[in-house]
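Each remark here refers to the structure printed beneath this line.
The values are calculated or read from the model by the stated rules, or taken from the named source; none is laboratory data. None of the values given here were measured: they were computed from a predicted structure. Because the Cβ atoms are built from the backbone with ideal geometry, glycine has one as well, and the counts that use them run over all protein chains shown.
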Amino acid sequence: MVRLTAKQYQEILARRRGAQSSAAAAAPKKSAPKRPSANPGPPSVPPPPDLQPLLVGLAGVGRTWTLLMPYVEEMLTSNQRLHHMAEHRIRRELRKHAAQMARLQRLPRLQRAAIFYVLHPRPIKRQRDPGNWAPTAKAYVDGLVTPDPHLPQERHLLPDDDHEHLLGPNPVMASR
């Protein structure tokens with residue numbers, strides 16, 4: 001252990017301050033130019049999928065509706081690790097979009113429904129797993145069933161999103 005006198009300690013501090021001030025007086029460092037983020041292109045507006053192959057296995061299929069949810073930059077996936085408040089903010093927006101789409105389509109109240117969510121990813125060269133978007137589909141279904149989480153008694157499309165009233169949501173990958 002080395003002991004310093006007060007004078008030696010003051011000299012060390014003065015040298016440090018001098019080194020800091022001389023470094024600050026030197027020319028500022030140029031930061032590396034930031035590369036622009038890869039432009040993924042405009043969102044795709046796919047044609048509605050053909051539901052007949054999906055509905056073959058269901059008995060008593062009545063009317064069908066197709067809701068094309070608006071493109072959003074932030075979606076929830078199973079692989080994300082988000083702060084709970086960030087996740088809540090995204091979930092709230094997705095619920096709001098689903099409720100708005102149901103109101104715009106003037107969907108009637110249903111007793112039973114089957115929901116298929118079809119993913120139309122942007123063209124990239126890696127494999128996609130449609131099941132990873134299950135949290136997004138869950139938020140959309142919650143918005144269709146209970147449009148406002150602060151008013152849980154206000155139901156919109158279905159009485160509940162349990163197994164008696166809802167089949168799905170089932171993930172389907174769109175053909176490119």
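Summary table
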{"quantity": "Residue match in segment 134-141 (condition: polar (S, T, N, Q), at pLDDT 85 or above and either part of a helix (DSSP H, G or I) or exposed (fewer than 13 other Cβ atoms within 10 Å of the Cβ) (or both))", "calculated": "yes"}
{"quantity": "Subset tally (residues that are surrounded by 12 or more Cβ atoms within 10 Å (Cβ to Cβ) and either farther than 11 Å from Gly143 by Cβ or not small (Gly, Ala, Ser) (or both)) for segment 89-104", "calculated": "11"}
{"quantity": "Filter result for the condition that a residue is modelled with pLDDT of 85 or more and closer than 12 Å to Met69 by Cα, over His97, His120, His84, His88", "calculated": "His97"}
{"quantity": "The one condition in (1) in a helix (DSSP H, G or I); (2) over 27 Å from Val61 (Cβ atoms) that Lys125 fails to fulfil", "calculated": "(1)"}
{"quantity": "Scan of segment 71-89 for residues that are of a type in the set (A, V, I, L, M) and not in a helix (DSSP H, G or I), ordered by number", "calculated": "Val72, Met75, Leu76, Leu82"}
{"quantity": "Tally of residues being outside any helix (DSSP H, G or I) and over 18 Å from Gln80 (Cβ atoms) across segment 90-121", "calculated": "13"}
